[in-house]
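S.K.: Following this message is one structure expressed as structure tokens.
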Amino acid sequence: MKDFTSVILRLFLYALVLLTDYFIIYADIIKRSVKEDSAIEIAQESYLFIIVVILIIQSFKIPTYKNLCYILALFFAMHLVREFDFFLDMIFDGLWQIIAFSMLGLAVFLFVKNKHSIIQQIGALKNDISTGLFLIGLTLLHVFSRLWGKSDNWKTLLEDNYKRVFKDLAEEGIELVSYSILLIATIQLFLTLKSSISKDGE
């Protein structure tokens, strides 16, 4: 009964997150605009910030997996920097690329230095729900949202009624859902690692 209740609770929480996404997207639908300070953009940046913070906390609380958590934190921090490209480029053009590629270099260095343990840890997590959620979130973000947001698709559908805002809302909305799934995956990873450490300590 306890396991069944846990599944129902998880379903409720997932639905609550996606319902929140809907109202965030709807706020921009009402404004008919998706700009750098839109509700969708702010929510995306907030989700990414929370993901990075959770992963950094995990690296301290679960030192066995610290390097994997560091790499994931750097990976999502790169996405966060990318979301702020408009503001960073106001300082000077190309600043966000410098910061993002610096993070990428550090992530690659950590992986090469600790590749054997990291590969083993990824293998140990291959069947965990967090891994599946991460993969779904990343493919939605980097594959489906890009295809879904192609201007040609919306120009074909809307013809003379085409406006860029339709394309932007569609693409950014899918990205928001993707970040939601990645946030859920990060929380699930934290719970999984915490549980595994507790069992090892028994």
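S.K.: Taking Ser6, is it surrounded by fewer than 18 Cβ atoms within 10 Å (Cβ to Cβ), at pLDDT below 95 and polar (S, T, N, Q)?
M.R.: Taking the combined requirement at face value, the residue satisfies it.
S.K.: Is it the case that some residue within the stretch 44-55 is without any contact (Cβ under 8 Å) to a residue 24 or more places away in the chain and closer than 16 Å to Leu191 by Cα? Spell out how you get there, then give the answer.
M.R.: Residues of the stretch 44-55 that are without any contact (Cβ under 8 Å) to a residue 24 or more places away in the chain, as a first pass: 46, 53.
Retained after the next criterion (residues that are closer than 16 Å to Leu191 by Cα): 53.
Yes, the stretch 44-55 contains at least one residue that is without any contact (Cβ under 8 Å) to a residue 24 or more places away in the chain and closer than 16 Å to Leu191 by Cα.
S.K.: Here's something else I'd like to know. Find the helices (runs of 4 or more DSSP H) located wholly in the stretch 84-158 whose residues include 2 or more that are more than 16 Å from the chain's Cα centre (by Cα) and within 30 Å of Val7 (Cβ to Cβ), and list them.
M.R.: Where helices (runs of 4 or more DSSP H) fall fully within the stretch 84-158 and carry at least 2 residues being more than 16 Å from the chain's Cα centre (by Cα) and within 30 Å of Val7 (Cβ to Cβ), they are 115-124.
Residue by residue, here is whether (1) at pLDDT below 90; (2) of a type outside the set (Ser, Thr, Tyr); (3) touching a strand residue (DSSP E or B) at 6+ places or on another chain (Cβ under 9 Å) holds:
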| residue | (1), (2), (3) |
| --- | --- |
| Ile122 | no, yes, no |
| Trp154 | no, yes, no |
| Glu172 | no, yes, no |
| Ser180 | no, no, no |
| Lys194 | yes, yes, no |
| Glu202 | yes, yes, no |
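S.K.: Which residues, taken from the stretch 53-70, are of a type in the set (A, V, I, L, M) and in a helix (DSSP H, G or I)?
M.R.: Selection gives Val53, Ile54, Leu55, Ile56, Ile57, Leu68.
S.K.: Being surrounded by fewer than 17 Cβ atoms within 10 Å (Cβ to Cβ), at pLDDT below 95 and closer than 27 Å to Ser196 by Cβ narrows it down to one of Lys126, Lys150, so name that one.
M.R.: Going through Lys126, Lys150 in turn, the sole match is Lys126.
S.K.: Now for a separate question. Here is a list of conditions, (1) hydrophobic (A, V, I, L, M, F, W, C); (2) touching a Ser or Thr at 6+ places or on another chain (Cβ under 7 Å); (3) touching a residue at least 24 places away in the same chain (Cβ under 8 Å), and Phe75 meets all of them except one; can you say which number that is?
M.R.: (2)
S.K.: Please go through the stretch 1-37 and give me each residue that is touching a residue at least 12 places away in the same chain (Cβ under 8 Å), more than 17 Å from the chain's Cα centre (by Cα) and closer than 23 Å to Met78 by Cβ, ordered by number.
M.R.: Val34, Glu36
The values are calculated or read from the model by the stated rules, or taken from the named source; none is laboratory data. Predicted model only: the values in this text are computed from it and were never measured. Counting neighbours? That spans all protein chains shown, and the Cβs are built from the backbone with ideal geometry, glycine included.
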